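Here's the structure we're looking at; comments come further down.
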Amino acid sequence: MRIFRNAIFICLSTFSWLAPLYPETVLSDSVQSIINSSTFTRIQKPLTVHTDKKSLEYFIEHVEELTKHGRDFNRKELILEVKGNGKYGIQMPSKHVTGEFALVERQPNKAIYAGHGNARVFFSFSGSIVLEITYDTKQDKKEYYEEVKTAVHLKFDNAILGFLAKATSPVVIPKLDKLISKFSTKTKKVVEAAYANKKGTNK
């Protein structure tokens, strides 16, 4: 009887040790699956952001702060809702986009967001998206700055619509690149303004 109880105890202990690891493994596999089978992958040119790493990381980990600083974002084009547990709701009324996303992986100098949503461009579709952000501290003759690189992976839920989207990629991709560039530039302005304000306050 004692052997039986010990065996149960060992099994339960092993399960309780493995259980916290399981969601992370599934999550990583899910993210990698979206990247590997994405309908579109867009890698943006490195962006120079005049800020320090601490300020940049603050906005990376507190996305909702983007709409609270300055006038670069407004509710007509971006609405962010904090849902708790690291999840955010997103609406882009002018682009007919709704969805939910979360920061799913954090590494030194790297952050990965994943989400799912619905959009309407030339047709309505739903899909998953992975945003990879990497950054490095650089220095020029004047100051230190952060060089930020982004990669966006978009996967359509409907394979047929995904095929049609690829067929019309000469039209779709420029619009997608323009949207990514627009929001990257706005984010850059918000982060730089917040950093400049912080430097001014600390003087």
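The values are calculated or read from the model by the stated rules, or taken from the named source; none is laboratory data. Note that the coordinates shown come from a computational prediction; the quantities given were computed from them, not determined experimentally. Heads up, the Cβs are rebuilt from the backbone with ideal geometry, glycines too, and the neighbour counts pull from every protein chain shown.
Some notes on this structure:
- Qualifying residue in segment 65-87 (condition: of a type in the set (Gly, Ala, Ser), in contact with a Gly (Cβ under 9 Å, 6 or more places away or on another chain) and assigned to a strand (DSSP E or B)): no
- His69 out of contact with any helix residue (DSSP H, G or I) (no Cβ under 9 Å at 6 or more places or on another chain) and in contact (Cβ under 8 Å) with a residue 24 or more places away in the chain: no
- Segments classed as strands (runs of 3 or more DSSP E), wholly inside segment 95-203, with at least 2 members that are farther than 25 Å from Phe73 by Cα: 97-107, 124-139, 144-156
- Looking only at segment 183-203, residues that are crowded, with 16+ Cβ neighbours inside 10 Å and more than 23 Å from Met92 (Cβ to Cβ) come to 1 in all.
- Residue check for Tyr145: hydroxyl-bearing (Ser, Thr, Tyr), surrounded by 18 or more Cβ atoms within 10 Å (Cβ to Cβ) and out of contact with any helix residue (DSSP H, G or I) (no Cβ under 7 Å at 6 or more places or on another chain): yes
- Exactly one residue among Lys87, Lys76 is out of contact with any helix residue (DSSP H, G or I) (no Cβ under 9 Å at 6 or more places or on another chain) and charged (D, E, K, R), and that residue is Lys87.
- Scope segment 154-180; condition closer than 11 Å to Arg42 by Cα, out of contact with any Phe, Trp or Tyr (no Cβ under 8 Å at 6 or more places or on another chain) and touching a residue at least 24 places away in the same chain (Cβ under 8 Å); matching residues: Asp177, Ile180
- Selection status of Tyr145, in contact with a Leu (Cβ under 9 Å, 6 or more places away or on another chain) and among the aromatic types (Phe, Trp, Tyr): no
- Flag for Gly117 being crowded, with 17+ Cβ neighbours inside 10 Å, small (Gly, Ala, Ser), under 21 Å from Gln44 (Cα atoms) and touching a strand residue (DSSP E or B) at 6+ places or on another chain (Cβ under 7 Å): no
- Selection status of Gly115, under 15 Å from the mean Cα position of the chain (by Cα) and within 24 Å of Leu161 (Cα to Cα): yes
- A single member of Glu105, Glu81, Glu64 is surrounded by fewer than 17 Cβ atoms within 10 Å (Cβ to Cβ) and either at pLDDT 90 or above or at positive phi (or both), and it is Glu105.
- Yes/no for Ala151 being small (Gly, Ala, Ser), surrounded by 13 or more Cβ atoms within 10 Å (Cβ to Cβ), in contact with a strand residue (DSSP E or B) (Cβ under 8 Å, 6 or more places away or on another chain) and within 16 Å of Leu47 (Cβ to Cβ): yes
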